[in-house]
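Presented below is the structure to which this report refers.
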Amino acid sequence: MNSAARLPEWLKVRLPGGPAYERLKRASRQRGLATVCEQARCPNLAECWGGGTATFMVMGPSCTRGCRFCSVASQAQPPPPAEDEPALLAQTLAEMRLEYAVLTTVCRDDLPDQGAGHLARCIAAVKAECPRMRLEMLAQDFRGEKALLERIMDAGPDVLAHNVECVERLTPVVRDSRAGYRQSLEVLEHAKRYRPALPTKSSIMLGLGETQAELRGALLDLRAVGCDIVTMGQYLRPSGRGRNLPVARFLPPEEFERLGSMARGLGFAFVASGPFVRSSYRAAELFLSGRLEAHAS
Ligand code: SF4
């Protein structure tokens, strides 16, 4: 995160705490599982955990890619995913008694199936152990290989998410060269074609130098591929390391409000837009409010 000195007032947060937070932290620590919430020092942690939502990163702590907005370590050949991770994850989520959980993953371009098999086992194990809990899979692009995407969708997530991350023009600067804006749209388009009733979701970071016209273009592109849910939040530099891009602009809360209204006007079933919004922020709300069923019908 940028040194607090340069953050505008509306981005200064109090550190998380409280019984719900302590209980969830203990449960994940006991099994050596990493929540993205803690790793990214997410400002919403207290609110999400207090509301029964958490995000887990699977397939190890290192990624084969090096996106410039991300703090995850890069490694060309990370160790293989842990065989017991699906079972540990399922046990931890059962103990946490969450209403909604998000699984996210690093990219594993080094594996023959890019990790699709392991991810499918994680989803299946969690759904078997926690049948009442809603599970969102925030998937990578599998370099556009549709059969790998279908493999994780067949495992039964309740939401399939894939982030375009930024507007098209900035993609080559912000994301790893193996990622692509059109490729990401194709992932979302195929997910909707393969499972029309399954909600799809994407996320866009703002403050990287995009214009409002470019953002509107990206939102229209997402609607054109049937994306139901979109979140928009402030990009924050995760570290001072050269890999991580500086923030071009801090958008004030009222601007996020306005952009959120613009997105709702384009027909998304659910929009979360705000300085602290992250891809899994308020993720559960959509289901618990039953709004998706209303949108799908
Ligand atoms: S693909 Fe990019 S955003 Fe995702 S974990 Fe790897 S470096 Fe981070």
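The values are calculated or read from the model by the stated rules, or taken from the named source; none is laboratory data. Fair warning: this is a prediction, and the values are worked out from it, not measured in the lab. All Cβ positions, glycine included, derive from the backbone under ideal geometry; neighbour counts span all protein chains shown. Please note that ligands, DNA and RNA were not included when accessible areas were found on the heavy atoms of the full protein model with its side chains. Shrake-Rupley method; radii C 1.70, N 1.55, O 1.52, S 1.80 Å.
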Cross-link candidates for Lys12: which aspartates and glutamates have Cα within less than 18 Å, leaving aside residues fewer than 8 places away along the same chain?
Glu38, Glu47, Glu254, Glu255
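Using the Cα centre as the reference, give the magnitude of the dipole from point charges on the C-beta atoms of the stretch 71-207 (Lys, Arg: +1; Asp, Glu: -1; all else neutral), rounded to the nearest 20 debye. Before the final figure, lay out the partial values.
Working: 17 positive and 20 negative charges, 91 e Å.
That gives the stretch 71-207 a dipole magnitude of about 440 debye.
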Might you tell me the accessible area per residue for the stretch 119-229, computed with a 1.4 Å probe and given in Å²?
38
Given R₀ = 41 Å, what would the calculated FRET efficiency be for Met262 paired with Arg26, taking r from the Cβ atoms and rounding to 0.05?
0.50
Using DSSP to call loops (not H, G, I, E or B), can you name the trypsin sites (Lys or Arg not before Pro) in the stretch 240-276 whose Cβ has at most 10 other Cβ atoms within 10 angstrom?
Arg241
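Count neighbours as other Cβ atoms within 10 Å of each site's Cβ, and list the trypsin sites (Lys or Arg not before Pro) in the stretch 103-174 that are DSSP loop with at most 10 such neighbours. The partial results should precede the final answer.
Working: sites: Arg108, Arg121, Lys127, Arg132, Arg134, Arg143, Lys146, Arg151, Arg169; in loops: Arg108, Arg132.
Sparse-neighbourhood loop trypsin sites (Lys or Arg not before Pro): Arg132.
Tell me, what is the Rg over Rh of the stretch 136-237, with Rh the Kirkwood radius over Cα pairs?
Details: Rg = 13.1 Å, Rh = 13.7 Å.
Rg/Rh for the stretch 136-237 comes to 0.95.
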In a shell of Cβ-Cβ distance under 13 Å around Leu138, excluding Leu138 itself, what net charge do Lys and Arg (+1) and Asp and Glu (-1) give?
-2
For Asp176 the rounded accessible area (nearest 10 Å², probe 1.4 Å, non-protein molecules ignored) is 20
Per 0.36 nm of contour for each residue apart, how much would the distance between Leu220 and Arg97 grow if the chain were fully extended, relative to their Cα-Cα spacing?
40.6 nm
Residue-count net charge about Pro81 - beta-carbon cut-off 12 Å; Lys, Arg +1, Asp, Glu -1
-3
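Tally Lys/Arg at +1 and Asp/Glu at -1 over every other residue whose Cβ is under 13 Å from the Cβ of Asp154; what's the total?
Details: positive: Arg121, Lys127, Lys146, Arg151, Arg195; negative: Glu150.
Every neighbour counted, the sum reads +4.
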What distance in nm separates the two pseudo spin-label positions at Ser71 and Ala147, each 7 Å out from Cα along the beta-carbon direction?
3.9
